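Values quoted throughout were computed directly from the atomic coordinates according to the rules given, and no laboratory measurement underlies them. Worth saying up front: this structure is predicted, and the values here are computed from it rather than measured. Here the Cβ positions follow ideal geometry from the backbone for every residue, glycine too, while neighbour counts run over all protein chains shown.
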Amino acid sequence: MSEFILILLSTLDSTIRVSTPLILCAMAGLFSERSGIVDIGLEGKMLGGAFAAAAVASITGSAWIGLSAAIGVSVCMALLHGFACITHKGNQVVSGLAINILASGLTVTLGIAWFHQGGQTPLLSGDARFYSIDLPGALAVADVPVIGAIYSQLISGHNALVYLAFFTVPVTWWIVYQTRFGLRLRAVGENPQAVDTAGISVFWLRYRAVICAGILCGIAGAYLSTGQNAAFIREMSAGKGYIALAALIFGKWRPKAALLACLLFGFLEALTVRLEGVDLPLIGQVPTQLMQALPYILTVVLLAGFIGKAVAPKAIGVPYIKER
Amino acid sequence: MLTTQNTQQQDSLSPAIDLRKINKSFGPVHANKDVDLIVAKGSIHGIIGENGAGKSTLMSILYGFYEADSGEILVNGKLASITSSKDAIRAGIGMVHQHFMLIENFTVLENVMLGAELSSSLKESKISARAELARLSEEFGLAVDPDAITGDLAVGLQQRVEILKALYRGAEILILDEPTGVLTPQEVKQLFDILNALRARGVSVMLITHKLQEILAITDEVTVMRGGTMVASRETSKTTKQELAELMVGRKVLLEVDKSVAQPKEVLLEADNLTIKDSAGITRLDAVSLKVHAGEILGIAGVSGNGQAELLDVLSGIIPVQEGNIHLNGTTINAKNVLNAKDFRHLSLGHVAEDRHKQGMVTDFSARECAIMGFQDEPEFNGRILMDNKAVTDHCVSLMEEFDVRPANPHLKAANFSGGNQQKLCMAREIERQPKVLLVGQPTRGVDIGAIEFIHQQIVALRDAGNAVLVVSVELEEVMSLCDRIIVMFEGRIVGEMAASDADAQKLGLLMGNAGSDDQASTQGASS
């Protein structure tokens, strides 16, 4: 029994770690998509951020400067997306894909040119990484049954960015539902013309939304290369941006529901690692590929009818054109 | 022109709006040419004109949607620079657009305060907005539940939200663009009461419409636009419907349909308990039964979206019969004997679709291609392998001649014809074959007065030749003057039937709103 709890705890523990970039990216996508801009480029922005964080951290030796660089690069990419989609009214999916391809190619090219390690950045150590933080009292209560174990193993012992990621969810909720900016953000994703006739600039509002998305993707990228891992590895985002997008849709573009979807998808991923090579009773070995595909399958199946219709922001994907 | 009937404002001399020599071009199209307009304070000023006369462009300039190429705008006697909606709002101008500028999933309160929130915290903004909204509702008699979801409200109430939105921003000049198009006659009356209340409190109202009736009913002054210029201004009390119509069109027009008494004969089209459910399982047509006789025009009246579209679709074979039967020229069509639109055409049924851009034509195609749509497989247009291009072009030329389609160029893209000429082309395509049964949806939507006259004549001529015609229209006047017998639809059901000679707007209006259910809706809104 206690062994089962230990396995469960460690699976949940890795769920939290795996979910962190998903949560950050889902919140990023929420800002962008609620404003009416499809954000398929979460993946690319995160990857660009990851490279920038690792590269700058390895040079400066500071994880925090690396984080700033990640945010800077990611915001620049978001602005590029904005320039194509908002100012020039381009196709948002094409622009997002272009950003993903750009990030995927450019990170490796620059990595080889600068660090000569086959696209990787040098291994980070010391202050160049985000390390786990033991929350106060974690050791002291570790022996208390259940609660102590949950606190010391599950809640304590993550790096700062993990806590930051979970903190962004209530903050996102608060911004979207409790502030003037949030009201306008939700409005512009539904009916930009109404926003325009109300005397608000649609362009500026949407630009601010994609900048928010850029900031959060940058943090997610920094987490990948300087928190979860100790270097940038080519293609290290590995589709997490797309899974985050699926979680966002799964959560019907709402912060709390998207968080739960991210945790669910994170749990599936943690389970994949845990079950690798393990014989389950009755089923036998579960193919890894199936487990990896599960988030997507789940999204498609559940959206197809089990959780009701996911109503997207009405104006999503449609560039705003003022003159006829 | 500065005199107004409103005594409260006589002391104030400068007009609310003074437009001087406004010009605006879109490429080669000169939409506004040296337009001058003066709107007196505290008056209701009507602006009337056909489609493309430049009314909407002028109002868009006033509300900052477009910028004029040249000209001056004076608001309350002061020169105003209006380059965005924000400037217009600041100058005290509010606009109720034809298509409402509302966020459907927001509450009324959220819609009203959007863009005019008092603080960056929504909570605080809502508290002050709620108080202000209550005050405005009280003062102008505009009761709406601030916590209702806007999309759930009846159209008339949504329009109130739009008016409240403008008032909340401190508008003293209110522009209404075609405000009555989507309203029932009862809702129109309520709107006019509101406009009168606004005028009494010194608000200047500009009413853009193409409906002569409304201009005469509510305005103090009326300005007529034609071809981008102001052609005349009249005091409403000193003009007539006939004069305004002639000013709009630029020649004498016949407002009433000229027709003899119908001679109905055998039934050519019969619907028997037709029920249609949409993909979401919602009943769109509910056991509809009707008969259309040879030699009569049957009109279907009703507010848009009450099953008329589905009725036309099922009667023309666009959607299959689910329950019930259609008897068309001796053939029975039902769920067991499903026929498609082409089969319906071969049973001598013509269909002029309600929405010509979606169903009636492909606007990117040339006129000659649009003129054979639905008949493209007929042997007369086809050689052994390729289409007979010459036959197609000749066919289009003869249709254009017969129905006076201008410009008479069969190779021009359909999108480049005016609404009236597009409609004439669609009409020509269907009527030319002298169908036994003709279905016409919104015969004159987006069609100029001059063309309306012609289209009505063609429909009557087809009837007089002994064919059956079914007309669906949301324009009550059209249904009453064109049709011989009228059926009213509400929520997919037939709720009334009468001879056109017995019908009046009051009777039909009550049926269209299902006997005053709108009043209930508005009191519900007020009570909570």
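Computed from the C-beta positions of B:Ser348 and A:Ile101, the FRET efficiency with R₀ = 51 Å rounds to 0.35. Subtracting the Cα-Cα distance from 0.36 nm times the residue separation, let me have the gained length for B:Ser237 to B:Asp193 in nm, one decimal. Contour length minus the Cα-Cα distance gives 14.0 nm.
Using only Cα atoms, tell me the angle between helix B:122-140 and the longest principal axis of chain B; keep it within 0 to 90° and round to the nearest 10. The two axes meet at around 80 degrees. Taking only Cα atoms, what is the 0 to 90° angle, nearest 10, from helix B:155-168's long axis to the longest principal axis of chain B? Value to nearest ten degrees: 20. Which pairs break 23 Å Cα to Cα here: B:Lys41/B:Lys165; B:Lys41/B:Lys78; A:Lys322/B:Lys189; B:Lys238/B:Lys424; A:Lys322/B:Lys424? Among B:Lys41/B:Lys165; B:Lys41/B:Lys78; A:Lys322/B:Lys189; B:Lys238/B:Lys424; A:Lys322/B:Lys424, the Cα-Cα distance tops 23 Å for A:Lys322/B:Lys189; B:Lys238/B:Lys424; A:Lys322/B:Lys424. Placing pseudo-labels 7 Å out from each Cα toward the beta carbon at A:His88 and B:Asp147 gives an inter-label distance of 4.9 nm. Taking 13 Å as the straight-line reach from the Cα of B:Lys413, the aspartates and glutamates in range (excluding those fewer than 8 positions away in the same chain) are B:Asp364, B:Glu369.
Between the beta carbons of B:Asp464 and B:Arg201, assuming R0 = 51 Å, the FRET efficiency works out to 0.45 to the nearest 0.05.
Compared with the rule-of-thumb size 2.2 N^0.38 Å for a compact globular protein, chain A has a Cα radius of gyration ratio of 1.03. Extension gain for the segment B:Ser481 to B:Phe365, taken as residue separation times 0.36 nm less the Cα-Cα distance, is 38.3 nm to one decimal. Here the translational diffusion coefficient of segment B:7-248 follows from Stokes-Einstein with Rh set to the Kirkwood radius across Cα pairs; for 25 °C and 0.890 mPa s it amounts to 133 µm²/s.
Computed from phi, the 3J(HN,Hα) profile of segment A:71-81 under the Karplus parametrisation 6.51, -1.76, 1.60 (θ = phi - 60°) reads 5, x, 5, 5, 5, 4, 5, 5, 5, 4, 4 Hz, with x in place of Gly and Pro. Place a +1 charge on the Cβ of each Lys and Arg in chain B and a -1 charge on the Cβ of each Asp and Glu, then give the dipole magnitude about the Cα centre in debye, rounded to the nearest 20. With Lys and Arg at +1 and Asp and Glu at -1, about 740 debye. Look at B:Ile22, A:Ile23, B:Ile194 and count the other Cβ atoms within 10 Å of each Cβ; fewest to most, that gives B:Ile194, B:Ile22, A:Ile23.
Taken one residue at a time, the phi angles of segment B:211-218 give Karplus couplings (6.51, -1.76, 1.60, θ = phi - 60°) of 9, 4, 3, 5, 4, 5, 6, 10 Hz. Gly and Pro are set to x. Dimensions of chain B based on its C-alpha atoms, expressed as ranges along the principal axes with the largest first, amount to 74, 50, 45 Å. Put a dot 7 Å past the Cα of A:Ile211, heading toward its Cβ, do the same for B:Lys413, and the two dots end up 3.9 nm apart. The residues neighbouring A:Gly61, those whose beta-carbon lies less than 11 Å from its own, together hold a net charge of 0 under the Lys/Arg +1, Asp/Glu -1 convention. Label-to-label distance for A:Gln285 and B:Glu139 is 7.8 nm, based on points extended 7 Å past Cα in the beta-carbon direction.
What is the helix-to-structure angle for A:160-178, meaning the angle in degrees between its Cα long axis and the longest Cα principal axis of chain A, kept from 0 to 90 and rounded to the nearest 10? Taking Cα atoms only, the helix is inclined about 40 degrees.
Ordered from longest to shortest, the equivalent ellipsoid semi-axes for the protein assembly as shown are 58, 35, 27 Å, each the square root of 5 times a Cα gyration tensor eigenvalue. Near B:Gly450: Cβ cut-off under 14 Å, other residues only, Lys/Arg at +1 and Asp/Glu at -1. The net charge is 0. With the convex hull drawn over the C-alpha atoms of segment B:258-368, the volume per residue is 148 Å³. Based on the Cβ-Cβ distance of B:Asp394 and A:Ser125, what FRET efficiency does E = 1/(1 + (r/R0)^6) give at R0 = 60 Å, to the nearest 0.05? About 0.10, to the nearest 0.05.
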